[in-house]
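Since the structure comes first, as structure tokens, the remarks are kept for the end.
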Amino acid sequence: MVTGPVQQPSLVARPFAGRPHSTGLPDVPRQTVPPTPYSIGLPGEPRPAGLAGDVHALARAVAAAPTEPRWREDLLLRLRPVGQRFAEHVRVTEGPTGLYRELLTHSPRLHHGVRLLTREHAAIVAALVAVQRLAEHSDAGLDELRHRAGYLLRTLARHRRRGADLLWQAYQTDLGGET
């Protein structure tokens, strides 16, 4: 028995990463969609968008065997978009008309949580820079690089959870009625 909505597969959410796509009509030529410069997952899998997608791609690069050729280059390739998207995240949240100002206007009680997230921004930027510098030096140990990259990924995940919790605290509505 199905109790919730049934979700059908979507062709829009599953791009064809480089595979030919046929419309089924004999007179229509086959088309291909060019792959993304740093594709993640298997062809046809939905890809997370934005910072979450870039972090996911970085995690996959860190999880790959460091003995793979070009492992460092691949890690650096996936680290750059994370840094760019995170800088955008900081601008959107901390700016003069940013999300944190709006949260504090709506819920001043969340000042401590906003201050904690702001401090985490500085720590994450420092971790990003440390991983990048370590990856750029070919004489740096692979274990140390993986350790620092793992720390960065865990810090980003924790920051995302805390941010989501803060938003929930700010905008939750108690409708009452429970006993």
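The values are calculated or read from the model by the stated rules, or taken from the named source; none is laboratory data. In this text the structure is predicted, and so the values were computed from the model without any measurement. Quick reminder, even Gly has a Cβ in these numbers, built from the backbone with ideal geometry, and neighbours come from all protein chains shown.
Exactly one residue out of Leu104, Leu51 is among the hydrophobic types (A, V, I, L, M, F, W, C) and either at pLDDT 90 or above or farther than 30 Å from Arg148 by Cβ (or both), and it is Leu104. Among the candidates Arg91, Arg101, Arg148, the residue that is more than 15 Å from the chain's Cα centre (by Cα) and loosely packed, with under 12 Cβ neighbours inside 10 Å is uniquely Arg91. Among the residues of segment 115-132, those identified as closer than 16 Å to Phe86 by Cβ, loosely packed, with under 14 Cβ neighbours inside 10 Å and free of Cβ contacts under 8 Å to residues at least 24 places away in the same chain are Arg119, Ala122, Ala126, Val129. Of all residues in segment 58-77, those that are surrounded by fewer than 18 Cβ atoms within 10 Å (Cβ to Cβ) have Cβ atoms under 7 Å from Cβ atoms of residues that are among the small types (Gly, Ala, Ser), 6 or more apart or on another chain, in Leu76/Ala135. Candidates are the residues of segment 62-101 that are polar (S, T, N, Q) and assigned to a loop (DSSP other than H, G, I, E, B); the one that is farthest from Leu152 (Cα to Cα) is Thr97.
Of the set (1) under 27 Å from Glu120 (Cβ atoms); (2) surrounded by 13 or more Cβ atoms within 10 Å (Cβ to Cβ); (3) at pLDDT below 90, all apply to Gly41 but (1). The residue that is nearest to Gly83 (Cα to Cα), counting only those in segment 104-114 that are loosely packed, with under 12 Cβ neighbours inside 10 Å and either in contact with a Gly (Cβ under 9 Å, 6 or more places away or on another chain) or free of Cβ contacts under 8 Å to residues at least 60 places away in the same chain (or both), is His112. Residues of segment 105-112 include none that is over 20 Å from Leu166 (Cα atoms) and charged (D, E, K, R). Can we say Arg154 is surrounded by fewer than 16 Cβ atoms within 10 Å (Cβ to Cβ), over 21 Å from Ala52 (Cα atoms) and either among the charged types (D, E, K, R) or touching a residue at least 24 places away in the same chain (Cβ under 8 Å) (or both)? The answer is no for Arg154.
Quick check on Asp139: is it outside any helix (DSSP H, G or I) and more than 20 Å from the chain's Cα centre (by Cα)? So Asp139 fits the description; yes.
The residues listed here are Leu110, Leu104, Leu117; of these, the one that is part of a helix (DSSP H, G or I), farther than 22 Å from Leu75 by Cβ and in contact with a Lys or Arg (Cβ under 7 Å, 6 or more places away or on another chain) is Leu117.
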